[in-house]
Amino acid sequence: MDGFFTALLQHAFLQTAVATALLASIGCGIMGTYVVVKRIAFIAGGIAHSVLGGMGAAVYFGFEPLHGALPAAIAAALLIGWVRLHWHAQEDTLISALWAIGMAVGVLFIAKAPGYQANLMSYLFGNILLVPRESLWFMIALDLILLATVAAYHRQFLAVVFDEEFARLRGVPVGFFYLLLLVLVAVTVVLLIQVVGLILVLALLTLPAAVAGHYVHSLGRMMLIATLLGAALSIAGLALSYGPDLPAGPTIILLVGGVYVLSAMLAQILDRRRARVAAARGTWQGETGEQ
Amino acid sequence: MKPAVDIHALNFSYGSVPTLSGIDLQVKEGEFLGIVGPNAGGKSTLLKLILGLLKPQSGHINVLGQTPCAASRLLGYVPQYPSFARDFPISVEQVVQLGRLGLDRNSGQRNGKWHTLWPGRVSGADREAIRHSLAEVEAGDIAKRQIGSLSGGQLQRVLLARALGGEPRILILDEPTANIDQRMESEIFDLLKALNARMTILVVSHDVAYISRYVSRVACINRTLVCHNTDAIDGNAIQELYGEQVRMIAHSH
C-alpha cells in the first residue's frame, strides 16, 4: 500500500485513476440510494449491460466508446422505463431480453470492428488505470448534471420512489419523473463503467448505498454515506491491487462486496439485539403494570 | 348545489368478469357516506374509479364538476394497503409533507397542471400545515419517527394526516380501521365525524353495523349498488346484500 501512495505522487495516470474513482462515487452514492430504496437493481442491471451495444457501435464506427455508451444508456433507460410503465405483463422477461440483446449487439459490433481490435475485457471489467485525462471533464459534467437535477427535484423523486400511486393523485407526472430517474441512473452507470466495467457496475451502484441503509434512515444521509464509502472503498481497492498488479475493477468489487456482507451480518445482529431488548422491556412493563 | 361525486351508468371490469355494473351514485357536498359490501364486491374498485386511478369501460364519473383525474388534487386518499415498503427510510414528517405536493408553497392554493414540474422546497407554510395535520390526528409526538417503527394504528393516523395535508374537499378512506383495535377504531371515526364538518367523506368498511352510527347514508355494493339511509338498515337489507348465509346477532352498543 505504501508503494501505491508513493507512486500516486509520481504518476499522472494514478492521479487520474483516483480522480475517476472520486467522481464516480458521487454518482454511485446519490443514484445508488434511489436504486436501493426503489428496488430497481434489476432495471439498473439491464441498463448497464445493454450499454455494450452502444459501446460496440461506437467502436465499429470509429468513435470513442464512452461517447457511444452515454446515448446507449439513455436509450436503454427510456426503453426499459417505458416497458415498466406501460407493459404490465412479464416486465422482468422483457428487461432480461433487452439486457441480453444489448450485449449481443455490442459483441457483434466489436467482433466486426475494422482495424484495431478493441479489448472487450476492458469494457466488461473496466480499467481505471487507462482512463484518459480528458474523460475527467466529461465525468465532472455528468456529476454536475446529476447533482443539479437531484437538488431541484428531490421532493418529486421522493414522492415517486416512495409511493407512485399517491404521487399520481397529487398531480405529480409520475411517468416523467420515473423516466428522468432512470436516465440519471443511466448517466451514473456510464460514470461507473470507467471504474469497474459494465458487468461489475451493479455492485458499485447498489452495495455502498445498501450498507449506508443499514445504519441511517433518510435518503439524504444514505446518499452522503454511500458517496464517502464508495470513494473510500474504490481508492482502497485501487491501492490494494497496485502492489501485486491485480486488475483494479474486480479488486474494488471484492472489497465492496466483503464490506457489504459483513455489514449485513452486523445489521442483523443489531436488529435481533434491539428486538430482544424491546421484548425484555415489554415483560418488565407487563409485570409492573406500566404502559 | 353540484354534487361532490356524480356517477352515472358506470360499468367496470378487470378482465372478463364484471366487477361493477350499472352503478348510479350521487354524493352531496358535506355528506358522510359509508360504503359496505362483501369482500371482492367492488368497494375499493369504486374508490379507485372516483380517484381516477382506474378508468371505467363505460359510464360517467364527475368529481366536483371535473373528471376524476383533474379533481384528484382536491381529494384526500387513505388506502387500505399502503403501496410503499414499510422499511423505506422516511420519517413521519416527510410522509405528511408529500401530501402537500401540488399545492402552492406560500399561499396553499392549488396551482395549474404543471405546478409539480417546478423544483420545489418545503416552505414555512408547508411546515406549519404539516404540524397542523399531525396535531389534528393526534400524532404530533411521532413526527420524527421512522414509518417502519409505527404500530398499525399510528401508521393509519399518519396516512390520514398525509391526506389532510393536501387540504382536500373530499376525503376518501378504504377500510381505515381494518388493522387496528376497537378502541382506536372509535377514536378514528370520532375524528372523521369532526372532519365531516368541513369536508365530504367517503369511507369503505366491512362493518355495516359499526359505521351506521357515524355515517349519514350507506351505499351497499356487491357488483351493483343500493343506497340506504342509515335508519333504514335492517335484517332484510343486510341479507339482500350478503345473501342468505349471514348470521345476524342483534346487538346495541
When the charge dipole of the range B:5-242 is computed with +1 on Lys and Arg Cβ and -1 on Asp and Glu Cβ about the Cα centre, the Cα farthest towards its positive end, among B:Thr116, B:Gly30, B:Ile61, belongs to B:Thr116
Projected onto the charge dipole of the protein assembly as shown (unit charges on the beta-carbon of Lys, Arg, Asp and Glu, signs +1, +1, -1, -1), the Cα from A:Leu108, B:Ile180, B:Leu192 with the largest positive-side position is that of A:Leu108
Mind telling me which of A:Phe177, A:Phe125, A:Phe166 comes out most flexible in a GNM of chain A, alpha-carbon contacts under 10 Å?
-> A:Phe166
Binned Cα-Cα distance frequencies in the protein assembly as shown - 20 Å width, integer % = 19, 43, 29, 8, 0
Stokes-Einstein D for the range A:127-286, Kirkwood Rh over Cα pairs, 20 °C, 1.002 mPa s (µm²/s) = 118
Work out Dmax and Rg for the range B:5-242 from the C-alpha atoms and quote the Rg first, both in angstrom.
-> 17.9, 56
Please work out, to two decimal places, the log10 of the ratio I(q)/I(0) at q = 0.14, 0.18, 0.19 Å⁻¹ from a Debye calculation in which every Cα of the range B:28-164 carries one identical scatterer.
-> -0.78, -1.20, -1.28
Taking every residue in A:147-155, how many Cβ atoms of other protein chains lie within 10 Å of its Cβ, on average?
-> 3
Among the lysines in the range B:5-242, how many pairs, 8 or more places apart or on different chains, have alpha carbons under 30 Å apart?
-> 12
Taking the Cα centre of chain A as origin, work out the dipole magnitude from +1 charges on Lys and Arg Cβ and -1 charges on Asp and Glu Cβ, in debye rounded to 20.
-> 400
Rank A:Asn127, A:Phe166, B:Leu150 by how far each Cα sits towards the positive end of the charge dipole of the protein assembly as shown (+1 on Lys, Arg Cβ; -1 on Asp, Glu Cβ) and give me just the farthest.
-> A:Asn127
Coil-residue trypsin sites (Lys or Arg not before Pro) of the range A:75-179, DSSP, other Cβ within 10 Å capped at 12 | A:Arg133
Which value, in Å to one decimal place, does the Kirkwood hydrodynamic radius take for chain A when every pair of different Cα atoms is included?
-> 20.2
Under unit Cβ charges (Lys, Arg +1; Asp, Glu -1), what dipole magnitude, rounded to 20 debye, does the range B:5-242 have relative to its Cα centre?
-> 840
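No value in this document is a laboratory result; all are computed from the given coordinates. Fair warning: this is a prediction, and the values are worked out from it, not measured in the lab. Backbone-built Cβ (ideal geometry, glycine too); neighbour counts: all protein chains shown.
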